[in-house]
1. Output the residues belonging to the stretch 226-253 that are more than 23 Å from SER154 (Cβ to Cβ), surrounded by fewer than 19 Cβ atoms within 10 Å (Cβ to Cβ) and touching a residue at least 60 places away in the same chain (Cβ under 8 Å).
2. Looking only at residues that are aromatic (Phe, Trp, Tyr) and under 16 Å from the mean Cα position of the chain (by Cα) in the stretch 102-138, which one is farthest from SER155 (Cα to Cα)?
3. Please indicate, with yes or no, whether at least one residue in the stretch 186-198 is under 19 Å from ALA118 (Cα atoms), charged (D, E, K, R) and within 16 Å of the chain's Cα centre (by Cα).
4. Tell me which of these ASN318 doesn't satisfy, since it passes every other one: (1) under 25 Å from ARG116 (Cβ atoms); (2) outside any loop (DSSP other than H, G, I, E, B).
5. Are any residues in the stretch 201-244 within 7 Å of ligand 2 (Cβ to nearest atom) and of a type in the set (Phe, Trp, Tyr), and if so, which ones?
6. Of everything in the stretch 182-218 that's crowded, with 22+ Cβ neighbours inside 10 Å and in a helix (DSSP H, G or I), which residue is nearest to ligand 1 (Cβ to nearest atom)?
7. Name every residue in the stretch 67-113 that is in contact with a Gly (Cβ under 6 Å, 6 or more places away or on another chain) and either among the basic types (Lys, Arg) or within 16 Å of ligand 2 (Cβ to nearest atom) (or both), in order of residue number.
8. Restrict the check to the stretch 289-312 and report whether at least one residue is within 16 Å of ligand 1 (Cβ to nearest atom), among the hydroxyl-bearing types (Ser, Thr, Tyr), modelled with pLDDT of 95 or more and crowded, with 19+ Cβ neighbours inside 10 Å.
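The values are calculated or read from the model by the stated rules, or taken from the named source; none is laboratory data. Nothing here was measured: the structure is a model prediction, and the numbers come from that model. Here Cβ is always computed from backbone atoms with ideal geometry, including for glycine, and neighbour counts include all displayed protein chains.
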Amino acid sequence: MKKVLSSFLAWDASSCANNECDTQRGEMVVLVTGAAGFVGSHVSLALRERGDGVVGLDNFNSYYPVALKRARAKNLLKDGVFVVDGDINDSALLERLFALVKFTHVLHLAAQAGVRYATHNPLAYVHSNVNGFVTLLEQCKNSNPQPAIVFASSSSVYGLNDKVPFSEGDTTDRPASLYAATKKADEALAHTYNHIYGLSITALRFFTVYGPWGRPDMAYFSFTRNIVEGHPIRIFQGPHGEELARDFTFIDDVVKGCVASLDTATPSTGSGGRKNTAAQHRVFNLGNTHPVKVGTLVSILEKHLNKKAIRHIQPMPNTGDVMYTHANVTKARLELGYTPTTNLELGLKHFVKWYQNYYKSGSAHEASMSGYKPY
Ligand SMILES: NC(=O)c1ccc[n+]([C@@H]2O[C@H](COP(=O)([O-])OP(=O)(O)OC[C@H]3O[C@@H](n4cnc5c(N)ncnc54)[C@H](O)[C@@H]3O)[C@@H](O)[C@H]2O)c1
Ligand SMILES: O=C(O)[C@H]1O[C@H](OP(=O)(O)OP(=O)(O)OC[C@H]2O[C@@H](n3ccc(=O)[nH]c3=O)[C@H](O)[C@@H]2O)[C@H](O)[C@@H](O)[C@@H]1O
């Protein structure tokens, strides 16, 4: 594997041997799990572009078209980021990877995402989001040096809370979906590994992220496809006819939040499984702070696509959705300098432009979601 990796990596791993990297100057060596995914591919590129060392890890599963994941990985390779094809549950693989590369940071984005699919395949969530996370934490705990960890939690942990906007200190004990419950478990596990082993861990609660190279299972993407192809779309509403709303957040803003979280992450204080002193344990909302109704999102898409949607208004299925999300990002602004700058109108314009250009190639139509049709 060393030979394979070294031939692909465009940075000098030896300069970061013995943990001599100065993270304040951006000289980080980052393992990005889920690097072939939507958020992972964007952050990997951003890190690489400013000169950090990046190695990706992704199992290229078929939850949505594998061709899209392969296309993202191909783009990354052009910029010197090699994505290892493997599972975060493979502890032997992780051990070999960490022996080969002295990671200063781990950006952990690999997960089974999607709220409603959890009712179809709950064990996929337990496999990747719970077992996989513990396997990765164990590897980080046993590494010397121990990398600082930043990982993706989710706005879904706020569950059935109706106090808005959501702040990090709010309770998260009423998850509405199994997906949310696994993200809540991740946050609890992060606390434990910080408490016992001194691992430095930051949880980022993303709010419905969208943009170019996005996820075909998400509403903005599947709506676009259906509008273009002349198929109806289903718009869910609450039990009393209320419209659902989301704090849709553009990918570039989320990338900035991820990079700032890595830049401000302090090193872990344990070594080789032993704790020395308490290390950093943080939680941040990364949202847009302006919730938009799903029907309004559809109207914006109609405008950018110059085509009307066939709207079917339906009761929200009992599959884990919440009515409303809204982030308070004061904490992220103060500690990370996070300020979202792209509104939904502009962000969807970027997405539609990418969609129209990318789909000319047609390659994202390949593969399947293991027979699962979410919409
Ligand atoms: N996109 C959003 O709106 C959003 C919102 C909140 C939280 N999140 C979280 O952010 C992270 C990234 O989300 P995304 O939208 O990029 O999703 P994504 O599905 O595009 O990316 C996740 C990647 O992880 C990989 N993966 C899954 N299980 C794996 C395993 N066991 N081993 C190795 N690789 C594995 C997948 O192949 C995929 O490429 C996820 O943790 C997700 O739960 C996303
Ligand atoms: O912020 C989050 O934590 C979550 O954001 C998204 O989940 P979701 O908000 O459900 O995103 P979409 O699947 O794109 O749905 C957006 C909205 O459209 C609605 N919708 C979805 C699908 C559909 O056919 N019709 C419809 O009205 C949903 O009910 C929801 O209100 C991601 O898919 C999750 O992985 C992530 O954890």
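1. Once the filter is applied, which keeps residues that are more than 23 Å from SER154 (Cβ to Cβ), surrounded by fewer than 19 Cβ atoms within 10 Å (Cβ to Cβ) and touching a residue at least 60 places away in the same chain (Cβ under 8 Å), the stretch 226-253 yields ASN226, VAL228, GLY230, HIS231, PRO232, PRO239.
2. If we take residues in the stretch 102-138 being aromatic (Phe, Trp, Tyr) and under 16 Å from the mean Cα position of the chain (by Cα), then PHE133 is farthest from SER155 (Cα to Cα).
3. Scanning the stretch 186-198 turns up at least one residue that is under 19 Å from ALA118 (Cα atoms), charged (D, E, K, R) and within 16 Å of the chain's Cα centre (by Cα).
4. Among (1) under 25 Å from ARG116 (Cβ atoms); (2) outside any loop (DSSP other than H, G, I, E, B), ASN318 violates only (2).
5. Those that are within 7 Å of ligand 2 (Cβ to nearest atom) and of a type in the set (Phe, Trp, Tyr): PHE206, PHE207, TYR220, PHE236.
6. In this case the residue turns out to be LYS183.
7. LEU109, ALA110, listed by residue number.
8. Looking for residues that are within 16 Å of ligand 1 (Cβ to nearest atom), among the hydroxyl-bearing types (Ser, Thr, Tyr), modelled with pLDDT of 95 or more and crowded, with 19+ Cβ neighbours inside 10 Å, one finds none in the stretch 289-312, hence no.
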